[in-house]
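S.K.: First the structure, then my questions, so here it is.
The values are calculated or read from the model by the stated rules, or taken from the named source; none is laboratory data. This structure is a prediction, so every number in the text was calculated from the model and none was measured. Accessible surface areas use protein heavy atoms only, side chains included; no ligands, DNA or RNA. Shrake-Rupley method; radii C 1.70, N 1.55, O 1.52, S 1.80 Å.
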Amino acid sequence: MTTDPRIQEIKNRLRLEMNGVASKSMRDGGLNYGLNFGVGLQSLKRIAGETAHDASLAIALWKENIRECKMLAALLYPVSEFGPDMADLWVSEIRWPDLAQVCCMYLFSRIDNASVMAFRWIASDGEMARYCGFLTISHLLRQGREMSPSYVCELKDQANAAIQEGQTLVAMAASTALECMKSNGEE
């Protein structure tokens, strides 16, 4: 049990926002976090907006086995202080798609060398790492980031291979990355 008063305050706020129906629905759908308050992303973003962005707080939240704490960690970690080693560690600990989506959109895609990390994850053996890689690339493309011709070829090859392999989660993220690439005119 944590004794950090900031963590306790956040947990108290999460309890106030708790949605038992949403939590049960997620559990029934296979999202078996240690604890899941069922708090939606908009509420989490509001809480994050009212909380100081601090690396030590984010790390402490990430260590909690609570869905919303992990998501808040991604929202609160100062992007300028979040490096590739930490990103690799977090990706290795992500078990659920909803957490991956928040981390990729609000943190991973915003750090320096995000594309290098994303392509490394895409080339890995882990399903969730590959999912995070394709999601991160998709967010980079949505942000208007351009890709070199060699990256475009690599993305096409990796995405098409992922789609053929049939891992549903990875295939969906790979398809999204290809769609984002086409939307950017990078074919």
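S.K.: What are the lysines whose alpha-carbon lies under 27 Å from the alpha-carbon of residue 63, with same-chain residues fewer than 8 places away excluded?
M.R.: Partners within reach: 11, 24, 45.
S.K.: Name the aspartates and glutamates eligible as straight-distance cross-link partners of residue 156: C-alpha to C-alpha under 20 Å, and not fewer than 8 places from it in the same chain.
M.R.: Partners within reach: 125, 127, 146, 165, 179, 186, 187.
S.K.: Which of the following values of P(r) over Cα pairs in 10 Å bins from 0, in percent was calculated from the structure shown: (i) 9, 30, 30, 21, 10, 1; (ii) 9, 36, 33, 18, 4, 0; (iii) 9, 28, 24, 20, 14, 4, 1, 0?
M.R.: (ii)
S.K.: May I pose another question? Helix-only estimate, please: 222 nm mean residue ellipticity of the chain, summing -39500 (n - 2.57) across DSSP H runs of length 4 or more and dividing by its residues, to the nearest 500.
M.R.: -21000 deg cm²/dmol
S.K.: OK, next. By Kyte-Doolittle mean hydropathy of at least -1.0 and Cα axial length of at least 20 Å, which whole DSSP H helices of the chain are selected?
M.R.: 127-142, 149-165, 168-183
S.K.: Could you work out the relative contact order of the chain? I mean the mean sequence separation of Cα pairs under 8 Å and 6+ apart, divided by the number of residues, in percent.
M.R.: RCO, the chain: 14 percent.
S.K.: Something else: Can you give the accessible area of residue 168, probe radius 1.4 Å, in Å² rounded to 10?
M.R.: Answer for residue 168: close to 90 Å² accessible.
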